[in-house]
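To start, the structure itself, in structure tokens.
A short reminder: the numbers here are calculations on the coordinates, not readings from a lab. If you're wondering where the values come from, they're calculated on a predicted model, not measured in any experiment. Here the Cβ positions follow ideal geometry from the backbone for every residue, glycine too, while neighbour counts run over all protein chains shown.
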Amino acid sequence: MLMINLILILLVGGLLAMLSERFGSHVPRMVALAVVLLDLVYLLLALSGLPELGGLQAPVPGDPQTWLMHYRAEWIPAFGISFEFALDGISLLMVLLTLVLGAVAVSSSWTDVTTKCGFFEANLLWTLAGVLGVFMALDLFLFFLFWEVMLIPMYFMIAIWGHEQRAYAAMKFFIFTQASGLLMLVSVLTLATIHQSNTGVWSFSYFDLLNTQMAAQTAYWLMLGFFVAFVVKLPGFPFHTWLPDAHTQAPTAGSVILAGVLLKTGAYGLIRFAVPLFPEASIDFAPIALWLGAAGVVYGAVLAFAQTDFKRLIAYSSVSHMGFVLLGVYAWNQLALQGAVMQMVAHGFSTAALFMIAGSLQERLHTRDMREMGGLWHNMPRMGAVAMFFIIASLGLPGLGNFVAEFLVLLGLFQVDPWLTMIAALGLITGAAYSLLLMQRSFQGEPDESRRLNDFGTREMLTMALMMVALIGLGLYPQPVLDMAQPVLDGLLQFSATVVGGQL
Amino acid sequence: MNLSQVQALMPLLILSLTAVMLMIQASIKRDQATAWVITAIGLVLTIWGAIYARDFSQTVTILFNVDPWGLFFSSLMALAALVTLLLSRESFADEGQRKEEYYLLLVLSLLGALVLIQSSHMVSLLLGMELMGVALYVMIAFPEKGELPVEAAIKYLVLSACASVILLYGFALLYAATGELSYAGLGVKAGQAYAQNPLLILAGTGMVISGIGFKLSLVPFHMWTPDVYQGAPTPVTGYLATVSKGAVFVALTRMYLDGQLYQYPSLISALAVIAIASMLIGNLLALRQNNIKRLLAYSSIAHLGYLLVVLIALTGKGLASDAVTYYLTAYVLTSLAAFAVIARVSGEDATQCQISAYEGLFWRDKVQAICLTVALLSLAGIPLTAGFIGKFYVITVGVQSSLWALLAAVVVGSAIAIYYYLRIIFAMSKVPEDTVEHQAYPGRVLALFLTLLVLVLGSWPESFINYATSL
């Protein structure tokens, strides 16, 4: 029930936030923040009752009893569809990330959103609810439902509160995800139909559909259906074109949620569904996926280098960073997978913070064009220092979370394909180039003395400090996160090894 | 004909009686309110009659096959007519003119639809189709002002009459080749007759397909649809989209099953081509529309294409026949919800049908905007709405029958469709420049009720799925 409650609190909270607007336009923000924090506290309290995470045995992918939590209730028995939720280390990490970044997003909407605040906060909370559903649903029908439904509030956030080209960006975002989602739907239904004809029983449960016997070619096509849906969301090269538009045009809180959380649903889907459901097909496909990942790392970095729009640059850097996740997943060994999970968390924090800085700049300067910035450190020293921190975090400075992540991915990848590792490592160098360029163009250089700009206030500094602590923590002592993911990854690796007898 | 056969025909009898009552009432004292009440009572009784007749399911003469499946659709169509009646009241009431004939026409047209649904013979099929169609021509032209309704009615009259003639000629050719006119007999004998006289069968089948394709507005027989949708009064458009098309599709399904037409691969390939063309062309043409009624016309072309996918997968009772039941029900309810909102927001003013007229609807009238959003999302097949479960059925059925080319068209078509549904939703969500308080539109209860049905059917479909299986 805990998992359903987590979602319900956000759904009802969204409704409350919308209704609370009649008491004043600042009330919805407080309601939203309270709801997200309540959800977080509720989760943490519930977790204290669970066994120590580090000492957990490896959860067997096919056996829900070995997971941290499992809940199942009938929904549409005619097709074997149920409300099935389960939680293991990786989903728990993602849920925690979602809720923390949810609070950050509410904070970043504090002064950014001025019209229809109630409806905005409601959409924000509903998106979070959908994302939590994606991370916890283990019935494929239910998973698809959350996957699609979370798009609608996100669409409204971009379409109503976005910047000048919001209609185009919102539409592109929705169509990309929806069209690729349809391919996944066909795959899900085909998988369920094959299971039904094998066993005579309809089921959409993950635990039943693992180990479904089918022809190799069928498995390959079905795997592609899942892969495309997840890689569009990730986003991986060459399906990334929606991302720069959506990120640039979304309001700050929308960008934070998009980059911090929504992209991770794609990575999560790959680890949870695409590979375990079709291990053999994934081996055949892994070389292609790895090349796509490496291409994304380099291509995203090169494009980021060419941008003049502050937000667009960060958006392309996301393409580059998420390429590492794709590499980590398809290298499919302990080190690389750990790196991928680490990257999901670290990139969530660093990019969310950078988007918040971009939003604050836009709010103060009314432009995102870096050619009109320069010397902002002089005007706003606190913001400059904060920006410096997150930019070097994003370029992968040792001691911060992103470095650990990318290093682990490269280390794991080296065992699989040394040449590709060299190409991917180029991403670190180009990353340094575009990140420092971003810093130079906007915060350094000749200051404009006539500018009167408000520096970061207490609320902003508090939010930023939270994320700084998180990144430093991840960089200096990543063990707790690794421990949470470790048993799950062990279980997955053992599972795929028993199915295909070896590494991907 | 014995008593239980009469009881089986109860819905038809009640409707006929309602028509007679309306005529008698008009000859005594012409009064719109009374006519409205009589029609409403008649329609409610028809729904009851369809439920009552379930216990007497049987074949009645060679013309009718009364079965629970048909009776379910009879009650659904009567419900759609009732919605049309409720919507029409607002549209026509304000002028104080004599409009009683409209109600009579509505009842007669529904009678035709129910005949069509229950028929098991080409003669009753044609009778039902014509009764429904002729009444519909007049309903389309009913508003006295404006040229659009008359243009739409004439266009529909001429083209529909041609289609009927072609259909009739097709029947004649098939009869000449097989000597049969019942669905079952014709389907069985067509195979043997083809060996002796292939040309007659081919020409006859082709003509029947084009006749029925016209009524269902499948590509390439779809040209009339947008003009008629646009020109007709909005409640009548809703009626045309749901009752007229739904009844013909039920008849087609029955013909397909009773005649075991799934044994003819060449027929299936022809239907597959039509289905793919409808899904792709319908969705592509909808992209460029700025009038919401024209847009829904093209979207309905695509939806009939999706339904045809299910029809192609039919081989008897089973998942595919449940899929027809579910999809058609979902489509009828969703369309009614959409037209209920459009009838209120656009009224009979042609300029108000532009998408630009819907800008900022969210902030003017939340309820209507939410209802239309849910209806559009259901048409687009987004989860939690009835339309999604419908799409779920279409894809599952397609996968089971390995119709990969058709499934590809479903996916591509749905991906295109998202764009134009979102365009309307985007227009509605625009924050208006002025802060003037707009008056809410009247009559939101009906739209709210239909929207709720769409959501319930999409979120808790279990009981309806079981019901559909039991039919």
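For segment A:63-126, a/c is not less than 1.5, where a ≥ b ≥ c are the root eigenvalues of the C-alpha gyration tensor, and a/b does not top b/c. That puts it in the oblate class.
Listing A:F349, A:F143, A:F407 from fewest to most neighbouring C-beta atoms within 10 Å gives A:F407, A:F143, A:F349. Residues in segment B:7-48, backbone N under 16 Å from the label point at B:V445 (7 Å along the Cα-to-beta-carbon vector): list them, ranges by number please. Within reach of a label on B:V445: B:37, B:40-41.
Indicate the gyration tensor shape class of segment B:247-312 (rounded, prolate or oblate), computed on the Cα atoms with a ≥ b ≥ c the square roots of the eigenvalues: a/c under 1.5 is rounded; otherwise a/b larger than b/c is prolate and the rest oblate. In terms of gyration-tensor shape, oblate.
As a proxy for reagent exposure, B:Y421, B:Y239 were ordered by neighbouring Cβ count within 10 angstrom, fewest first; the result is B:Y421, B:Y239.
Remark: mean inter-chain Cβ contacts per residue of A:70-81 equal 3, using a 10 Å Cβ-Cβ cutoff to other protein chain atoms.
Over the C-alpha atoms of segment A:297-359, the Rg to Rh ratio, Rh being the Kirkwood estimate, stands at 1.04. Stretching the chain fully between A:N198 and A:A497 yields a gain of 105.3 nm (0.36 nm per residue, less the alpha carbon separation).
Near B:V60, the amide H atoms lying under 5 Å from its own belong to B:N65, B:V66; only residues 5 or more places off or on other chains count, and H is placed 1.01 Å from N.
Using the Cβ-Cβ distance between B:R288 and B:V158 with R0 set to 30 Å, the FRET efficiency from 1/(1 + (r/R0)^6) comes to roughly 0.70.
Which shape class, rounded, prolate or oblate, goes with segment A:221-310 when its Cα gyration tensor gives a ≥ b ≥ c as root eigenvalues, a/c under 1.5 marks rounded, and past that a/b bigger than b/c marks prolate? Since a/c reaches 1.5 but b/c is at least a/b, the shape of segment A:221-310 is classed as oblate. For the protein assembly as shown, the average shadow cast by the Cα convex hull is 41.1 nm², which is a quarter of the hull's surface. Both radii are taken from the alpha-carbon atoms of segment A:185-242; with Rh as the Kirkwood radius, Rg/Rh is 1.07. Dipole magnitude for segment A:278-497: computed about the Cα centre from +1 point charges on Lys and Arg Cβ and -1 point charges on Asp and Glu Cβ, it is near 540 debye. Considering only Cα atoms, the convex hull volume of segment A:278-497 works out to 111 Å³ per residue.
Charged side chains reduced to their Cβ positions (Lys and Arg at +1, Asp and Glu at -1) give the protein assembly as shown a dipole of some 980 debye around its Cα centre. Taking other C-beta atoms within 10 Å as the exposure proxy, B:L106, B:L125 rank B:L125, B:L106 from fewest upward.
Across the alpha-carbon set of segment B:264-471, the Rg to Rh ratio works out to 1.01, Rh being the Kirkwood radius. Peptide A:173-182 has a mean of 5 when you count, residue by residue, the C-beta atoms of other protein chains within 10 Å of its C-beta. For peptide A:159-171, the mean count of partner chain Cβ atoms within 10 Å of a residue's Cβ comes to 2.
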